[in-house]
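What follows is one structure encoded as structure tokens, with my remarks underneath.
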């Protein structure tokens, strides 16, 4: 039975293509779980991911298959490290577009080897299909309600004969459409007349639309190795499927993966489902913060945990034997709070950090005497905000206002 303290639920968010960047998650390279994960995916795929991500081959991240494998391997590794070393076992996992695949692994549906095969086959099928188009593309549609965008897309297909499709709903006024770029340009006046804006994503294909049906056919022929539907996995977390925007405790993996190729990403509905299920902590496992931004855009009572790098660095650095000096402890906390992280308002997270601090204090026999009772470090009102303000940076002042609004949203 969950108590009031531990009733808050957590979801891990996994990003799609576009989040990758050279050097991502470099701080995790010192841990064998991270190195082993990259090594296994590299061996199975034939792509040296360590050289691509952390070496001098960063330009290869522009290639679809390499980018997908890199994001998959790194985010799966980081999620595993957070579970093992920080005790962060999410109640739910969900991913945007490609992110659903590492989410499947994090939830327990697929092992890493099977996941690598699926992602490789999927990327190869998608690239082959994309080559059939002169200029297949996806475009954000901004500043128009998503339901209106969907209506306009249907009108454009019916009245103008345009082969364009709604391929994602990310926020109330942010959607994505897919199609040939020439046809998207013909569709643009409909959106512009409503005060909207189209922004090409430069993805290289009309993904998450019926135009990817040839890729679906090609992929279907290669997925016979997947576990049968009557072999339920032992789940670690529940998956919120980004196509159905609901839990998928006993889904047919093959059917779900195939449907995912040609169906729109229902990200906003998935976030709303998570919130209705009791999620108040959203942790984005990504080199960038696009998904965290979309959580805020959804208007949810959001409590970000910190970015994975900082959670891990914080919990591990404080227990490192060579870093027991009070000055280091202070510097570590100052770093976290000067990086514009929201103060921790969740009681369960607060208790976890207090336990970490108490364990460190006992091991070091009070090596940080000035901070034993420093609960202010983790209180809902950030006591060190003045340090940020003293920098005189206008953008940080705006960040302060954003955080104040966030605190109001969760109830100060």
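Quick look at the numbers
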{"quantity": "Residue match in segment 239-250 (condition: in a helix (DSSP H, G or I), closer than 22 Å to residue 147 by Cβ and free of Cβ contacts under 8 Å to residues at least 24 places away in the same chain)", "calculated": "no"}
{"quantity": "Residue in segment 166-181 that is part of a helix (DSSP H, G or I), closer than 20 Å to residue 18 by Cβ and out of contact with any strand residue (DSSP E or B) (no Cβ under 8 Å at 6 or more places or on another chain) present", "calculated": "no"}
{"quantity": "Yes/no for residue 236 being within 23 Å of the chain's Cα centre (by Cα) and buried (at least 21 other Cβ atoms within 10 Å of the Cβ)", "calculated": "no"}
{"quantity": "Test: residue in segment 130-143 that is assigned to a loop (DSSP other than H, G, I, E, B) and within 19 Å of residue 266 (Cα to Cα)", "calculated": "yes"}
{"quantity": "Search result, residues across segment 257-290 that are in a helix (DSSP H, G or I) and over 17 Å from residue 138 (Cβ atoms)", "calculated": "257, 258, 259, 269, 270, 271, 272, 273, 274, 275, 276"}
{"quantity": "Segment 150-189: number of residues that are closer than 30 Å to residue 300 by Cα and touching a helix residue (DSSP H, G or I) at 6+ places or on another chain (Cβ under 8 Å)", "calculated": "14"}
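Values quoted throughout were computed directly from the atomic coordinates according to the rules given, and no laboratory measurement underlies them. Computed from a prediction, not measured in an experiment: that's the story for all the values here. Glycine gets a Cβ as well: all are built from the backbone with ideal geometry, and neighbour counts include every protein chain shown.
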